[in-house]
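Q: I'd like to ask some things about the structure below.
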Amino acid sequence: MGLIYLEIADDIRYKILARKDNCDYQLTSLRALAQEYEVNHLTIAKAIKLLESEGFIYKKIGHGTFVNMQRTNELKEQYKTQFLKVEVVNFAKKAKALGISTSDLSKMIFDNQY
């Protein structure tokens, strides 16, 4: 298991990327996130700081933390490209090495039959 704040940042990042919003929206409070992830608020603060440095979120003094959807949509394209170049290629190599047919892969991916 890696550093917990990195895992939390990753989870929040992918939740943000999965949204279809075009408008910025307020992120759940740090206290609520700490309760949700069952960690100290300082751990959440580190995760939030990382996401802020990546441009996913920004802070408004006195108002909270907000998701930057314009930047998120730009970053989504980068993540898609990276995913296809690295993760899907590695996945395909492993599947081929294990003798998993394209038919079986298709069922797993599209029909959730595994």
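Nothing in this text is a laboratory measurement; each read-out follows from the coordinates by a stated rule. All values reported here derive from a predicted model rather than from experimental measurement. As a convention, Cβ positions derive from the backbone with ideal geometry for all residues, glycine included, and neighbour counts pool all protein chains shown.
Q: Any chance you could count how many residues in segment 22-58 are under 17 Å from the mean Cα position of the chain (by Cα) and basic (Lys, Arg)?
A: Looking only at that region, the number is 2.
Q: Can I ask one more? Run PHE91 past the list (1) over 20 Å from the mean Cα position of the chain (by Cα); (2) over 24 Å from LEU3 (Cβ atoms) and report the number of the one that doesn't hold.
A: (1)
Q: Which residue out of ILE48, ILE57, ILE61 is within 19 Å of GLU7 (Cβ to Cβ), out of contact with any helix residue (DSSP H, G or I) (no Cβ under 6 Å at 6 or more places or on another chain) and not small (Gly, Ala, Ser)?
A: Values: ILE57 fails: out of contact with any helix residue (DSSP H, G or I) (no Cβ under 6 Å at 6 or more places or on another chain); ILE61 fails: within 19 Å of GLU7 (Cβ to Cβ).
Matching residue, one of ILE48, ILE57, ILE61: ILE48.
Q: Something else about it: Any residue in segment 12-24 that's within 9 Å of PHE56 (Cβ to Cβ): show its pairings with residues that are in a helix (DSSP H, G or I) at Cβ separation under 7 Å, as long as the two are six or more apart or on different chains.
A: Qualifying pairs under 7 Å: ILE12/ALA47; ILE12/LEU51; ARG13/LEU51; ILE16/THR72; LEU17/THR72; LEU17/LYS76; LEU17/TYR79.
Q: Out of all the residues in segment 22-66, which are among the aliphatic types (A, V, I, L, M) and part of a helix (DSSP H, G or I)? Reasoning before the result, please.
A: Step one: filter segment 22-66 for residues among the aliphatic types (A, V, I, L, M), giving 27, 30, 32-34, 39, 42, 44-45, 47-48, 50-51, 57, 61.
The answer is LEU30, ALA32, LEU33, ALA34, LEU42, ILE44, ALA45, ALA47, ILE48, LEU50, LEU51.
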